[in-house]
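Presented below is the structure to which this report refers.
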Amino acid sequence: MRIVIAEDSAVLRAGLERLLADAGHEVIAAVPDANELLAVVHNDPPDLAVIDVRMPPTFTDEGIRAAVLIRKQNPDVKVLVFSQYVEEQYASELIAENTGGFGYLLKDRVADVEDFLAAVEEVAGGGTVLDPEVVSQILVRTRKKDGLSTLSPREIEVLQLMAEGKSNAAIARTLYLSAGAVEKHISSVFTKFGLTADTSDNRRVLAVLTFLGA
């Protein structure tokens with residue numbers, strides 16, 4: 001696939017470029033700041049953008065704000081945020097805009113090259129890859145919102161795993177529950193969020209959006 005990298009660290013930028021090229025991908029640009037990233041995406045949209053959160057000039061949130069803009073202006077471009085930092089507000093906004101084709105990984109928690117490359121493939125294919133720590137920090141930010149306060153601790157755990165993109169079977173394995181118990185908890189979440197069976201949209205997606213951006 002065609003990939004653009006936005007990373008201010010020259011060493012890490014070069015490392016990512018080599019890693020992705022060795023995996024058979026075409027890195028069309030590797031840039032050090034958000035302005036160059038936006039220019040590249042505007043002029044020659046890639047399949048995927050791998051973006052750091054903090055970049056010049058202020059090293060605060062330029063990268064993730066650029067990611068939000070890309071998702072709004074170029075919805076076909078998939079985005080993988082790869083950073084040391086969790087920016088809860090913009091992470092929630094990114095996921096709420098579109099549940100597919102987005103990932104948020106923390107650099108110091110990616111222990112294996114193959115795991116990173118698998119995440120790249122998953123996001124590029126329209127999937128969602130979220131580090132559990134990212135989801136956890138979003139949870140801390142949002143759990144006091146209306147609606148979430150009605151959920152039980154177990155329902156919160158199930159919903160958090162749903163937000164990570166896990167299937168019912170994967171949730172059951174993670175929490176050591178039966179498939180029926182997981183379905184019961186998910187059904188209870190739907191009920192508490194007012195998501196009835198005749199809801200036209202996917203109730204699972206709506207529940208995750210409620211969780212992330214209540």
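The values are calculated or read from the model by the stated rules, or taken from the named source; none is laboratory data. Source: prediction; values computed, not measured. Methodologically, a virtual Cβ is constructed for each residue, glycine included, from the backbone with ideal geometry; neighbour enumeration extends over all protein chains shown. Each accessible area value is taken on the protein alone, full model and side chains, heavy atoms only, with ligands, DNA and RNA left out. Shrake-Rupley method; radii C 1.70, N 1.55, O 1.52, S 1.80 Å.
A few comments on the model shown:
- Filter result (part of a helix (DSSP H, G or I) and at pLDDT below 75) within the stretch 193-208: none
- So Asn74, is it polar (S, T, N, Q), surrounded by 15 or more Cβ atoms within 10 Å (Cβ to Cβ) and over 16 Å from Arg13 (Cα atoms): yes
- Gly126 being at pLDDT 90 or above, in a loop (DSSP other than H, G, I, E, B) and surrounded by fewer than 16 Cβ atoms within 10 Å (Cβ to Cβ): yes
- Subset of the stretch 99-138 [among the acidic types (Asp, Glu) and in contact (Cβ under 8 Å) with a residue 12 or more places away in the chain]: Asp108, Glu122, Asp131, Glu133
- Among the conditions (1) farther than 20 Å from Arg109 by Cα; (2) of a type in the set (Asp, Glu); (3) buried (at least 23 other Cβ atoms within 10 Å of the Cβ), the only one that Asp47 does not satisfy is (3).
- Identity of the residue in the stretch 77-110, hydroxyl-bearing (Ser, Thr, Tyr) and open to solvent by less than 20 Å² (accessible area, probe 1.4 Å), that ends up nearest to Pro46 (Cα to Cα): Tyr104
- Any hit, the stretch 137-155, residues being modelled with pLDDT of 90 or more and under 18 Å from the mean Cα position of the chain (by Cα): no
- Residue in the stretch 30-47 that is at pLDDT below 90 and over 11 Å from the mean Cα position of the chain (by Cα) present: no
- For Glu121: the one exception among (1) assigned to a loop (DSSP other than H, G, I, E, B); (2) closer than 16 Å to Val4 by Cα; (3) out of contact with any strand residue (DSSP E or B) (no Cβ under 9 Å at 6 or more places or on another chain): (1)
- Residue satisfying all of: in the stretch 146-177; touching a residue at least 60 places away in the same chain (Cβ under 8 Å) and not hydrophobic (A, V, I, L, M, F, W, C); farthest from Val205 (Cα to Cα) among these: Asp146
- For the stretch 13-34, a residue qualifies if it is part of a helix (DSSP H, G or I), closer than 23 Å to Gly101 by Cβ and open to solvent by 40 Å² or more (accessible area, probe 1.4 Å), and the qualifying residues are Arg13, Glu17, Leu19, Ala21.
- A count restricted to the stretch 56-71 and to residues that are open to solvent by 40 Å² or more (accessible area, probe 1.4 Å) and at pLDDT 90 or above stands at 2.
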